[in-house]
Amino acid sequence: MAETITSAKCNALIIGGSAGSLDVLLEIFPGLNADLNFPIILVTHRKSGNESLLSDLLQSRTTLRVAEVEEKERILAGKVYIAPADYHLLIEEDKTFSLDYSEKINYSRPSIDVTFQSAAEVFKSGLVCILLSGSNADGVEGLKAVNNFGGKVVIQNPDTALMPYMPLQAVTNIEDSVVLDATEMADFINKLID
Amino acid sequence: MINEAIDNEQLEILLNDVLENHGYDFLEYSHASIKRRISRLYALDNFVSFAEFRYTIKSDKQYFKRFLEEITVNVTEMFRDPSFYRALRNEVLPVLGTYPFIRIWVAGCSTGEEAYSLAIVLKELNLLHKSLIYATDINPLVLEKAKKGMFPLNYLKQYSENYLQSDGSKDFSTYYTANYSLAKFDESLSGKMIFSTHNLVSDHSFNEFQLILCRNVLIYFDKDLQHKVFNLFDSSIEKLGYLALGSKESLDFWPRAKEYRRIKTEKIWRKL
Ligand SMILES: C[S@@+](CC[C@H](N)C(=O)[O-])C[C@H]1O[C@@H](n2cnc3c(N)ncnc32)[C@H](O)[C@@H]1O
C-alpha cells in the first residue's frame with residue numbers, strides 16, 4: 001500500500017493532532033527535507049493565548065518557513081502553516097485559506113474534521129492527511145472524506161501514541177490507511193516529494 | 001457530511017436564487033465556509049434531493065428565514081480577546097472621551113455580547129451617558145435576542161474571567177441579575193444602544209462614527225467584498241476616528257490602507 005502512496009503526487013499535506021501530538025511534531029520536523037514541493041498544514045488543538053509558541057518551537061527545528069495562517073492567504077509549496085487557535089481553518093477552491101468562527105466541532109476549534117473535509121474536496125487525490133495522538137475522536141470523519149475523494153490517509157500507530165484513542169478510532173474506522181510510528185514519519189513525508 | 005452534500009455548481013445556483021428571489025447577495029462570501037453552512041443545513045433538515053432543497057429555499061418565505069439564520073455564523077462572546085478590550089479601555093475610548101458626544105457602530109453585532117461589553121467599559125470610564133451604540137446585523141433574529149440582553153448563565157464564568165483580564169476591576173456580577181438559566185444585563189447598558197438590521201453587502205452608510213467595530217464578520221467575505229466594506233466604513237468614520245477588526249482580520253491589502261495608522265499590536269486602526 002505504501003507503494004501506491006509514494007508514487008502519487010502530493011499537492012498538500014495536512015497533519016492533525018491533539019493531546020500528545022507535540023512530541024511527534026518535534027520528532028518529525030528536524031528530519032524534513034528543505035525542498036518540499038507541497039505545503040504542510042498543521043491543525044492541532046491548543047489553547048489560545050500563547051499564539052507564537054508552537055510556530056517558534058517548530059521553526060527552531062526546520063529551515064522551512066513556519067507561520068500561523070493569515071486569513072485569505074495563498075497556500076504555497078514549501079511552507080508550513082499553523083491553524084490559528086479558536087478558528088476553524090477551511091481551504092478555498094482557489095487554494096487560499098479561510099477562517100471560520102462557527103460552533104466547536106468535537107469540542108474543538110480548530111476542528112481537524114473541518115479542515116480535512118474542506119481540503120478533501122479541494123485537493124482530492126493530491127491530498128495526504130496524517131492523524132496523530134489525541135484523546136477525542138476529532139479527525140476521523142474528516143479522514144473518511146479524504147478517502148472518499150481519493151486522498152491518502154496516514155495514522156500514527158496507536159501502540160506508540162501517547163494518547164492512543166484518536167488514532168485508534170481512525171484505524172478502526174478508515175479502510176484505506178497507512179499506519180506509521182512517529183520515527184518513520186519524516187522519511188515518509190520526504191518520499192512524497194516528486 | 002462525508003460526501004459533498006452540495007457541490008460548487010449547486011452552491012452557485014442556490015446563491016443566485018437567493019439573490020433573485022430574496023434580495024440577499026451572498027455571491028462574494030468565502031465559498032468554503034458558506035458551502036459548509038449550506039451543506040450542514042441540508043443534512044440537518046433532512047432534505048432528500050437538491051431539487052427539493054432548492055425549491056424550498058426559493059419559494060418558502062418561512063423557510064428562507066431559517067436559511068438566513070442558519071447560514072450566518074452567530075457565535076460570539078463577551079470580552080472576547082481581553083487584550084483588545086484593554087486597548088479600547090486604555091487607549092481608544094479615553095481619546096473619544098474628550099468629544100462632547102460619542103457615536104459607535106458595532107457592525108455584525110450578532111446577539112449583542114460585544115455591544116454590552118463595550119457599554120460596560122464606557123460606563124466604567126464614565127462615558128456611557130454621552131455615548132450611543134448602533135448595533136447592526138444582517139440576521140433579524142439575533143437582534144431580537146440582543147435587545148433583551150440576556151445571555152446563558154453558564155457562560156458567565158468565562159465572561160467574567162475575560163472581563164478581569166481586560167483590566168476590568170469591578171465585580172462583574174453587579175452588571176446582571178441571574179434569572180433561572182439566564183443572566184439579564186442591566187438596562188442602563190441597553191438604554192444606550194440602538195439595534196437595527198443592516199446588510200454590509202447592500203446597505204449604505206447611515207451616519208458618521210468615531211469608532212466602528214466589525215469583528216469576525218469579514219472572514220466570511222472574499223477579498224473584493226472586504227474592500228467594498230472597508231470603503232463603506234471609510235465613508236462612515238470621522239477623521240481621527242477608529243476602526244476595529246477581529247484578531248485575524250486586517251486592513252493591510254486594502255488600497256487605501258495608508259490613510260489609516262495601526263494602534264500597536266491590536267487590530268485597531270485610526271483614520272488620519
Ligand atoms: C461570528 S459573528 C461575530 C460576532 C461579533 N462581532 C464577535 O466578533 O464576536 C458574525 C456576524 O456577522 C453577521 N453578518 C454576516 N453577514 C453580514 C452582512 N452582510 N451584514 C451584516 N452582518 C453580517 C452574522 O449574522 C453574524 O451575527
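Here are some notes:
- The one condition from (1) more than 11 Å from chain B (Cβ to nearest Cβ); (2) touching a Phe, Trp or Tyr at 6+ places or on another chain (Cβ under 9 Å); (3) within 20 Å of B:E249 (Cβ to Cβ) that A:I82 does not meet is (2).
- Filter result for B:F53 (more than 16 Å from the ligand (Cβ to nearest atom) and surrounded by fewer than 16 Cβ atoms within 10 Å (Cβ to Cβ)): no
- Restricting the search to strands (runs of 3 or more DSSP E) fully inside the stretch A:10-91 and requiring at least 2 residues that are closer than 29 Å to B:S30 by Cα, open to solvent by 20 Å² or more (accessible area, probe 1.4 Å) and among the charged types (D, E, K, R) gives A:65-68.
- Some residue of the stretch A:126-148 being free of Cβ contacts under 8 Å to residues at least 40 places away in the same chain, among the small types (G, A, S) and surrounded by 24 or more Cβ atoms within 10 Å (Cβ to Cβ): no
- Across the stretch B:16-23, a minimum of one residue is classified as at positive phi and either in a helix (DSSP H, G or I) or among the small types (G, A, S) (or both).
- Matching residues in the stretch A:107-125 - criterion: being open to solvent by 10 Å² or more (accessible area, probe 1.4 Å), more than 19 Å from A:R46 (Cα to Cα) and within 14 Å of another protein chain (Cβ to nearest Cβ): A:Q117, A:S118, A:E121, A:V122, A:F123, A:K124
- A Cβ distance below 8 Å, combined with a sequence gap of six or more or placement on separate chains, defines the contacts here; from the stretch A:54-74, residues that are within 14 Å of chain B (Cβ to nearest Cβ) reach residues that are open to solvent by 70 Å² or more (accessible area, probe 1.4 Å) in the pairs A:R74/A:K95.
- Condition check for B:S117: of a type in the set (G, A, S) and within 14 Å of the ligand (Cβ to nearest atom): yes
Results for (1) touching a residue at least 40 places away in the same chain (Cβ under 8 Å); (2) away from chain A (no Cβ under 14 Å); (3) surrounded by fewer than 22 Cβ atoms within 10 Å (Cβ to Cβ), shown as yes or no for each residue.
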{"position": "B:L211", "(1), (2), (3)": "yes, yes, no"}
{"position": "B:V229", "(1), (2), (3)": "no, no, yes"}
{"position": "B:L232", "(1), (2), (3)": "no, yes, yes"}
{"position": "B:A244", "(1), (2), (3)": "yes, yes, no"}
{"position": "B:S250", "(1), (2), (3)": "no, no, yes"}
{"position": "B:P255", "(1), (2), (3)": "no, yes, yes"}
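The values are calculated or read from the model by the stated rules, or taken from the named source; none is laboratory data. Keep in mind that what you see is a predicted model, and the values were worked out from it rather than measured. Positions of Cβ are generated from backbone atoms using ideal geometry, with glycine treated the same way; all protein chains shown enter the neighbour counts. Keep in mind that these areas ignore ligands, DNA and RNA; they rest on the heavy atoms of the full protein, side chains included. Shrake-Rupley method; radii C 1.70, N 1.55, O 1.52, S 1.80 Å.
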